[in-house]
1. Can you give the extra length, in nm with one decimal, that the chain gains between Cys306 and Phe287 once fully stretched, where that is 0.36 nm per residue apart less the Cα-Cα distance?
2. Report the one residue of Leu400, Ala186, Asn221 whose Cα lies farthest in the direction of the positive end of the charge dipole of the chain (charges on C-beta: Lys and Arg +1, Asp and Glu -1; origin at the Cα centre).
3. Can you spot the aspartates and glutamates whose alpha carbon is less than 20 Å from Lys120's alpha carbon? Ignore those fewer than 8 places along the same chain.
4. With only Lys, Arg, Asp and Glu charged, each at its Cβ (+1 for the first two, -1 for the last two), find how big the charge dipole of the chain is about the Cα centre; round to the nearest 20 debye.
5. Given labels modelled 7 Å from the Cα in the Cβ direction, how far is it in nm from Val67 to Met385?
6. What's the center-to-center distance, using Cα atoms, between the range 313-332 and the range 17-95 in Å?
7. Any idea how far the Cα center of the range 670-698 sits from the one of the range 642-667, in Å?
8. Would you check the accessible area of Met71, probe 1.4 Å, heavy atoms only, in square angstrom rounded to 10?
Amino acid sequence: MGSIYFVAAGAVIALVFSAMMYLRVKREPEGSQEMAEISGAVQKGANAYLKRQYLGVILFFAIVFVVLLIMAFGGYLSFFTPFAFVTGGFFSGLSGFIGMKTATMANCRTAFGASKSLNKGLQIAFSAGSVMGFTVVGLGLFDLSAWYLILHFFYTVIDPVETEELLIQNITSNMLTFGMGASSMALFARVGGGIFTKAADVGADLVGKVEAGIPEDDPRNPAVIADNVGDNVGDVAGMGADLYESYVGSVVSTAALAVAAGFGMKGVSVPMLLAAFGILASIAGTFFVKTKEGASQKNLLRALRCGTYISAVLIAVIAFFLIRFFLPDHMGIFAAVLSGLVAGMLIGAITEYFTSDTYAPTKKLSESSKTGAATVIISGLSLGMLSTVAPVLIVGISILISYFASGGGTDFNMGLYGIGVSAVGMLSTLGITLATDAYGPIADNAGGIAEMTHMPEEVRTRTDALDSLGNTTAATGKGFAIGSAALTALALIASYIDKVHTIDPDYALNLTITNPTVLIGLFVGGMLPFLFAALTMSAVGKAAQSIVVEVRRQFQTMPGLLEGRNKPDYASCVDMCTRSAQKLMLAPALIAVITPIVTGLILGVDGVAGLLAGNTITGFVLAVMMANSGGAWDNAKKYIESGKLGGKGSDAHKAAVIGDTVGDPFKDTSGPSINILIKLTSMISIVFAGLVMAVHLL
């Protein structure tokens with residue numbers, strides 16, 4: 001029990017540090033009245049979007065709560081699951097809301113800070129991003145530790161069990177189902193936010209930059225405020241909910257696998273304490289993020305990487321002593337922690353290589369713009385496909401190391417526990433990793449405010465540098481999120497199989513490739529990410545069309561708008577994006593929820609296992625390809641805008657803008673949403689395992 005109290009203390013420390021960072025940012029001056037007004041418009045739009053989204057999500061959660069309660073009365077679930085489903089969704093949504101609130105408050109302060117120095121702008125944006133990072137880990141551990149204490153009290157006082165082993169098994173088995181709420185909220189946040197942000201971005205770029213020839217973030221563009229709102233609801237609130245889900249899912253699945261491996265309470269303590277100590281390591285790393293005036297992109301990136309690498313080294317040292325204390329006869333598990341940490345950093349480095357304009361792949365992509373948009377798109381797709389090779393190899397090697405180093409060669413369950421610990425290791429420093437990712441949209445918004453308020457050129461140069469860095473950190477953050485999703489999903493698949501055996505120890509799973517139900521499940525699972533991506537891409541296209549029409553209408557019917565004598569109607573574009581996002585996100589969200597249930601009711605648990613395997617493999621590769629293609633197209637455009645290959649307004653630039661427009665839904669809607677899909681299907685399968693085992697056709 002002492003370990004759980006320490007975990008709860010870690011959660012409190014994270015939340016206190018988050019509050020300190022929030023107050024630190026809030027104390028910074030907003031700048032001019034015009035800057036404050038633009039920031040206020042972005043805040044108002046983001047709040048209106050989240051209010052409408054959360055009203056729809058509440059209805060969904062109410063329906064699912066009733067379904068889970070009925071299943072509990074039928075004996076298919078614990079009565080704790082419906083209530084934990086609600087708390088998981090609540091804390092996931094709350095973490096995204098707090099992060100978004102801070103980001104929209106920090107944008108004008110970052111722009112004004114950049115007028116003082118490059119380091120000042122970096123510090124403000126990173127501090128605001130830290131609020132997101134440490135709120136996610138703090139609320140995640142708070143939810144887990146609170147439910148652990150509730151369940152421990154229930155099974156020791158209200159309905160006592162006979163042995164310590166049975167107590168831990170009951171607690172972890174119940175906790176395993178809790179991630180479904182976080183997964184559901186993450187899906188709505190990511191898909192809805194992704195549709196909003198890319199509809200606004202695509203609409204603003206196609207009419208403003210390509211047709212009208214005005215700069216990005218120009219105040220004459222009617223969609224410019226919606227574009228800035230989208231950065232926050234998609235890349236801040238959406239990303240926060242996404243990684244909250246991975247964080248919680250990796251810990252609870254590893255805790256359940258610890259029981260199956262025979263490690264008992266000590267094995268359960270390891271992933272929870274790794275997460276708690278990771279908070280302390282992440283806090284220490286934040287103090288090393290700083291830079292000097294005139295820093296290059298590599299220097300700026302090194303400043304952020306310095307903090308994350310120091311945090312990783314600290315948690316590696318702590319993990320050694322942690323495992324030596326709790327599991328001294330299984331020190332190979334330490335290798336699993338290291339493999340997860342290293343895999344996370346390597347995936348980030350590979351993503352940076354393929355998407356940053358300081359390296360050859362994106363520079364070559366920029367060169368392809370000389371011959372038009374078609375070659376830009378072809379080259380970008382090729383780059384994204386090629387970029388999948390290294391992450392697959394990295395994750396594969398990490399799995400092998402984790403499995404065999406943890407004793408998988410002699411005990412299958414020990415190997416699975418090692419894979420789970422590897423996922424926790426990768427996510428242990430999420431506080432600072434997510435801070436560097438959430439920094440990006442804040443810097444992007446700051447650059448927009450600098451442009452719209454016509455701040456001096458030197459300020460715009462600084463905000464452009466911070467924005468370009470943000471594009472790279474956002475791309476590496478997506479790579480990290482996808483990599484962690486793959487490892488978490490593998491741990492969840494193992495937990496699903498363990499859940500089946502817990503429900504019925506005599507049930508004989510047949511997971512051979514020659515089993516028709518498994519084979520059908522593999523095909524359905526392999527198809528699912530493509531169907532999901534098609535629906536989300538189509539949603540962005542439909543929503544963007546309405547924005548294009550509206551921006552054209554305002555340019556044509558509002559006299560003096562392009563000359564700057566009249567102000568556009570920003571609110572209409574924000575409202576159109578909000579309504580479109582809420583309507584169009586329903587189809588992909590429902591398919592993600594319903595498919596594993598229907599597959600289970602038809603094919604049984606063997607078919608579901610096949611579905612999860614196919615979905616994870618295809619989803620991981622497709623998500624990496626889409627995220628990296630999109631990130632490379634974005635930075636290729638910025639590379640040209642910096643004065644290379646003709647600069648802004650050139651034919652090469654126009655071609656690159658079209659490539660970036662295609663890449664926007666790739667990297668900010670479909671790609672990031674797929675990693676939630678692969679985790680959500682696993683969570684739903686675990687929750688509905690009892691029902692599927694009792695009722696299925698094959």
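1. So the extension gain works out to 5.9 nm.
2. Asn221
3. Glu28, Glu30, Glu293, Asp437, Asp444, Glu451, Glu457, Glu458, Asp464, Asp467
4. On the way: 42 positive and 47 negative charges, 224 e Å.
Computed about the Cα centre, the dipole is about 1080 debye.
5. Calculated label separation equals 3.7 nm.
6. 36 Å
7. Comparing the Cα centres of the range 670-698 and the range 642-667, I get a distance of 39 Å.
8. 10 Å²
The values are calculated or read from the model by the stated rules, or taken from the named source; none is laboratory data. Nothing here was measured: the structure is a model prediction, and the numbers come from that model. Backbone-built Cβ (ideal geometry, glycine too); neighbour counts: all protein chains shown. All accessible areas refer to the heavy atoms of the entire protein, side chains included, with ligands and DNA or RNA removed. Shrake-Rupley method; radii C 1.70, N 1.55, O 1.52, S 1.80 Å.
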